[in-house]
Amino acid sequence: MMSSRFAAAARRSLSTLSPPVPKFDTVACVGLGLMGHGIAQVSAQANFKVVAFEQEQRFLDAGRSRIEGSLGKMLKREKISQEQYDGIMNGITYTTDFADLASSDLVVEAVIENMDLKKQLWGELNNVCKPDAIFASNTSSLSITEMADVSGRPDRFVGVHFFNPVQLMKLTEVIRTVHTHPEVFDACHSWVGDIKKVAVSCNDTPGFIVNRLLVPSLTQACLMLDRKDATIKDIDLSMQLGAGHPMGPLHLADYIGLDTIHSIIAGWVEKYPDEPAFEMPKCLKERFDNGDLGRKTGKGFYHWGAGDVRGEPTE
Ligand SMILES: NC(=O)c1ccc[n+]([C@@H]2O[C@H](COP(=O)([O-])OP(=O)(O)OC[C@H]3O[C@@H](n4cnc5c(N)ncnc54)[C@H](O)[C@@H]3O)[C@@H](O)[C@H]2O)c1
């Protein structure tokens, strides 16, 4: 159910969308990193024409290699035929030229998590893209409304929050702001189904559904450690054996990367100082400041050797 602010906004804008939502034939993916290459790939697999954009040729080549690698594995495991492989690859146009995005019906942005960069990009995209094109950001933690406000087309702007790895994770959160026209929201929600993901709807609120619940639960585990209520090992064991989680919260934090969690919670603490669920734990900040970012740096809440699936607690 929508909050009254969102419901009232939806009613207000019901009959005013002009020009109408285009039929989604061509999907542009801006940013071909970890997330963007996956979004481009699953869109092409669902027979959408894809325009894949990076600002530099070397990043474009890297994105293309990732897609080739992922499809190559599917081919080897006989999940797709050579004909399908060729069809998917031929369905993607790779470009570093902004002008090639002009005729896209849906533009999905997956560049680095930086509001200033994203805002600048949306302004430029608004100048290049056709007036009826729909804009969507894959941000994990930034405000969709703030981006929509500078996009020149706030009624045509949504969030589509995919999960990593995009090729495997089924969920996509579709996010509306108070300006999003209901027809735009519905079209994006259906598109998510078309690319074989399960869509859930959420208003533009910090962390949407999954991260709003997940990140505070991880920082609560860190706060327990700050208070010395329990050890790393016992906190994690408790949530595994007592709550049936596949891994404990501190173990999961090391897998996600303590820089990612630090960046999300720091942003929320600054923007929502009165929200008690958002608090920066001392043990998280110290590890972040020391560059101990979890599995990827070999140390976080655990010591990690190369290829370790399970580490040794640091305290
Ligand atoms: N990594 C995750 O698990 C995850 C999950 C969901 C959402 N997200 C969100 O997806 C977005 C991308 O994250 P990522 O993990 O794929 O990052 P990434 O660093 O792997 O990729 C970002 C890409 O953006 C490109 N880029 C930077 N500036 C650009 C510009 N001006 N124009 C075009 N491309 C540009 C970079 O070259 C890079 O390839 C972020 O907003 C992030 O919050 C990430």
request  = Give the peptides 25-32, 265-272 in descending order of average Cβ contacts within 10 Å, highest first.
outcome  = 25-32, 265-272
ask   = Which value results for Rg/Rh of the chain when Rg is the Cα radius of gyration and Rh the Kirkwood radius based on the inverse mean 1/r?
value = 0.99
key: Highest-MSF residue in the chain out of Gln120, Gln45, Gln240 [GNM, Cα springs under 10 Å]   = Gln240
query = Under unit Cβ charges (Lys, Arg +1; Asp, Glu -1), what dipole magnitude, rounded to 20 debye, does the chain have relative to its Cα centre?
reply = 600
ask   = If all Cα-Cα distances of the range 125-226 are sorted into 5 Å bins from 0 onward, what percent lands in each bin, rounded to whole numbers?
value = 3, 13, 22, 21, 18, 12, 6, 3, 2, 1, 0
Packing rank of 189-197, 131-139, where each peptide gets the mean count of other beta carbons within 10 Å, highest leading = 131-139, 189-197
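Okay, helix-only estimate at 222 nm for the chain: each DSSP H run of n ≥ 4 adds -39500 (n - 2.57), divide by all residues, round to 500 deg cm²/dmol; what do you get?
Details: 12 runs with 138 residues, N = 315.
Calculated from helices alone, the mean residue ellipticity at 222 nm is -13500 deg cm²/dmol.
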request  = Run the numbers on the range 98-185 and let me know its relative contact order in percent, using alpha-carbon pairs under 8 Å that are six or more apart.
outcome  = 26
key: Neighbourhood net charge (12 Å Cβ-Cβ; Lys/Arg +1, Asp/Glu -1) for Gln41   = +3
note = Karplus ³J(HN,Hα) for the range 69-76 (6.51 cos²θ - 1.76 cosθ + 1.60, θ = phi - 60°; Hz, whole; x = Gly/Pro) runs x, 5, 5, x, 5, 5, 5, 4
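All other residues with a Cβ under 9 Å from the Cβ of Gly311 taken together, and with Lys, Arg as +1 and Asp, Glu as -1, what is their net charge? Show your work: numbers first, answer last.
Working: positive: Arg295, Lys299, Arg310; negative: Asp254, Asp308, Glu312.
Taking every Cβ under 9 Å from that of Gly311, the sum is 0.
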remark   = the chain: relative contact order from alpha carbon pairs under 8 Å, six or more residues apart, as a whole percent, is 14
remark   = Excluding near-sequence neighbours (fewer than 8 apart on one chain), the range 4-203 holds lysine pairs with C-alpha atoms under 14 Å apart numbering 4
note = Relative contact order of the range 215-300 (C-alpha contacts under 8 Å, at least 6 apart) in percent is 32
task = Give the share of C-alpha pairs in each 5 angstrom bin for the range 215-300, from 0 to the last occupied bin, in whole percents, shortest bins first.
result = 3, 16, 25, 26, 19, 9, 2, 0
Most mobile listed residue (Ala46, Ala148, Ala230) in the chain, GNM with C-alpha springs under 10 Å = Ala230
query = To the nearest 10 degrees, how steep is helix 258-271 against the longest Cα principal axis of the chain, on a 0 to 90 scale?
reply = 80
Antiparallel %, DSSP beta bridges [both residues in the chain], to 5 = 25
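Read-outs throughout are calculated quantities, based only on the coordinates presented, and are distinct from any laboratory measurement. Quick caveat, the model's predicted, so the values are computed rather than measured. Counting neighbours? That spans all protein chains shown, and the Cβs are built from the backbone with ideal geometry, glycine included.
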